[in-house]
Structure formats: C-alpha cells, structure tokens
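Down below is the structure, laid out as structure tokens.
All of the numbers you see were taken from the coordinates with simple rules; none came from a lab. Since we're looking at a predicted model, the values are computed, not measured. FYI the Cβ positions are ideal-geometry reconstructions off the backbone, even for glycines, and counts take in every protein chain you see.
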Amino acid sequence: MQKILENQQINIQRKVLLKALLCLKPEPRIRLRISKIVKV
C-alpha cells in the first residue's frame, strides 16, 4: 500500500515538473526528450 502511494506521489511530481518545463517552451528536440522521460 505504501509503495502505491509513493509511486502516485512520484507521478504527480513528474507531471508538475513536466508542465513547468513545457511552460519554459523548450526547443522541440528537448521537449521530445522530456516527454520520453516523463511518460504522460
């Protein structure tokens, strides 16, 4: 149960990070790399 909660938190943090990174409007190249790292 604890593991699931931890995973959910990590996923939320990742999505927040991804949104923050995309707000910076990085180059398409970098954007692709980000979306590969963070599978949304």
(request) Starting from the stretch 1-24, keep only residues that are within 16 Å of ILE37 (Cβ to Cβ), then list their pairs with residues that are part of a helix (DSSP H, G or I) and aliphatic (A, V, I, L, M) whose Cβ atoms are within a distance under 9 Å, requiring at least 6 positions of separation or different chains. (result) ARG14/ILE37; LEU17/ILE34; LEU18/ILE34; LEU18/ILE37; LEU21/ILE30; LEU21/ILE34; LEU22/ILE34
(request) Scan the chain for residues that are charged (D, E, K, R) and outside any helix (DSSP H, G or I) and jot them down. (result) LYS25, GLU27, LYS39
